[in-house]
Amino acid sequence: MTVPADEERDGNANTRLLRYDISNAKDVKLTGHWIVQPFVDYLDIKQLKGFGIHNDGTLDDGLISAKWESLVLAPALDEKSTNDYIFITIADNDYITVDGHSLGERYSDPYGRNVDTQIMAFRLTLPNVDAKKLKKFLDI
């Protein structure tokens, strides 16, 4: 089994994502790394405003979630833009609702409001990503 395990930063604010083979827990091996540059800003105020989302602390339905738990990177499958990918990220609502149902019982979360699941999707051009190497790295 191979999994992403660690990250470390170098002096240029780059992040190295390290991938380890942990098939034998007693013999963990580094199998590769990537240098990652920041490329998606979840808190771009101008872009958020265009979708009715904000990060100013006002407690309403447009407040951006504080924790994003899922990340997906998939090829855009665009023959004209072969280096384009769709980056999807999801923040679930942790079952926070005033009208919930669980195990046949009704409940109301003490937070006192409904919280929507939020999903963001970005189309990215990653010119230095070799799709064949990426598939091999991900074992797909």
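The values are calculated or read from the model by the stated rules, or taken from the named source; none is laboratory data. Quantities reported herein were computed from a predicted structural model and do not represent experimental measurements. Using ideal geometry, Cβ is built from the backbone for each residue, glycine included, and neighbour counts are taken over all protein chains shown. Just so you know, the surface numbers come from the protein's heavy atoms only, side chains and all, with ligands and any DNA or RNA stripped out. Shrake-Rupley method; radii C 1.70, N 1.55, O 1.52, S 1.80 Å.
Simple spin-label estimate for LEU59 and LEU134 gives 4.1 nm between the two label positions (7 Å along the Cα-to-Cβ direction from each Cα). Computed from the C-beta positions of VAL98 and GLN47 and an R0 of 25 Å, the FRET efficiency is 0.25 to the nearest 0.05. Each of ASN83 and LEU126 was given a label point 7 Å from its Cα along the Cα-to-Cβ line. The distance between the two points is 1.3 nm. Inter-label distance, VAL40 to ASN114: 2.7 nm, where each label sits 7 Å from its Cα along the C-beta direction. Atom-type composition of the exposed protein surface of the stretch 29-133 places 56 percent of the accessible area on carbon and sulfur (1.4 angstrom probe).
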